[in-house]
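Heads up: the structure comes next, in structure tokens.
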Amino acid sequence: TGKSFLMDLFFRNCEVNGGKCRVHFHEFMQEFHRKLHQYKQSQIAEEGRTSHLSLTSEKDAIVQVSKQIAMDNILICFDEFHVTDIADALILAHIFETFYKTGSVVFTTSNHSPETLYMNGLNRMFFLPFISLISTHSRVIDISSSVDYRKSLAHPVDDIVLTPSGPAADAVLCLPRLFV
């Protein structure tokens, strides 16, 4: 239905005072786990193995890695948000809560509504606080359609995205100008 297309348009045209990132959700989680491992290793090297036993927010690796990402990015866009991994399901509430507390804006695309994320997943009850969190901080817009717009153009446009709208874009798409 064009979710990724809309995200790309939004991301490209959104000006923010700070950094922004657009990433496929699963790639983000892989990178997050890598950064989490690095952070824990640096903490062990600096403070010893027992330093992680006191889980204040200042010592919580998930919070600290999330905070660094949020500080670097005022806008965080996730494409294809879908949770299948129990480890991801268990830490997402901490990640997103940190994003929200630091003032980052989170924009996602998904084929699933928040209520159906991680449906029938292992220990889903521990994931439910995350659903509540994103439901509180998000606005869900359903753009489902039976039409796959990627396949519906009468003629190819060579994978070109046309913005802003106007006479040049209308000419490529063979659209009549309705307003002069």
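Run the Debye formula on the Cα coordinates of the range 1-89, all scatterers equal and no solvent, and tell me log10 I(q)/I(0) at q = 0.20, 0.21 1/Å.
Debye output, listed in q order: -1.02, -1.08.
Can you work out ³J(HN,Hα) from phi for every residue in the range 132-140, in order, using Karplus 6.51 cos²θ - 1.76 cosθ + 1.60 and θ = phi - 60°, giving whole Hz and x for Gly and Pro?
Coupling constants for the range 132-140: 4, 4, 6, 5, 6, 9, 10, 10, 9 Hz.
Please compute the modelled spin-label separation between Ile44 and Arg12, points set 7 Å along Cα→Cβ, answer in nm with one decimal.
4.4
Please give the solvent-accessible surface of Glu97 in Å², to the nearest 10, using a probe radius of 1.4 Å with every protein chain present.
Here the accessible area works out near 80 Å².
With N set to the number of residues, divide the alpha-carbon radius of gyration of the range 42-148 by 2.2 N^0.38 Å and report two decimals. Before the final figure, lay out each step's value.
Working: Rg = 16.0 Å, N = 107, 2.2 N^0.38 = 13.0 Å.
Dividing the Cα radius of gyration by 2.2 N^0.38 Å gives 1.23.
Keeping the other protein chains in place, figure out the carbon and sulfur percent of the accessible area of the range 6-52, with a 1.4 Å probe. Can you show the working numbers first?
Details: 1650 of 3240 Å².
After summing per-atom areas, the C and S share lands at 51 percent.
I'd like the Karplus ³J(HN,Hα) series for the range 37-42: coefficients 6.51, -1.76, 1.60, θ = phi - 60°, whole numbers in Hz, and an x wherever there's a Gly or Pro.
4, 4, 4, 4, 5, 5
Per residue, how much accessible surface does the range 1-89 expose to a 1.4 Å probe? Answer in Å², no decimals.
Values: 5210 Å² over 89 residues.
Each residue of the range 1-89 exposes 58 Å² on average to a 1.4 Å probe.
List the trypsin sites (Lys or Arg not before Pro) within the range 7-89 that fall in a DSSP loop (any state other than H, G, I, E or B) and whose Cβ has at most 15 other Cβ atoms within 10 Å.
The qualifying sites are Lys59.
Spelling out what I want: for every residue of the range 27-32, take phi, set θ = phi - 60°, compute 6.51 cos²θ - 1.76 cosθ + 1.60 (Karplus), and round to whole Hz; glycine and proline get x.
Here the 3J(HN,Hα) series is 5, 4, 5, 4, 5, 4 Hz.
The values are calculated or read from the model by the stated rules, or taken from the named source; none is laboratory data. This is a predicted model, so every value here is computed, not measured. Quick reminder, even Gly has a Cβ in these numbers, built from the backbone with ideal geometry, and neighbours come from all protein chains shown. Each accessible area value is taken on the protein alone, full model and side chains, heavy atoms only, with ligands, DNA and RNA left out. Shrake-Rupley method; radii C 1.70, N 1.55, O 1.52, S 1.80 Å.
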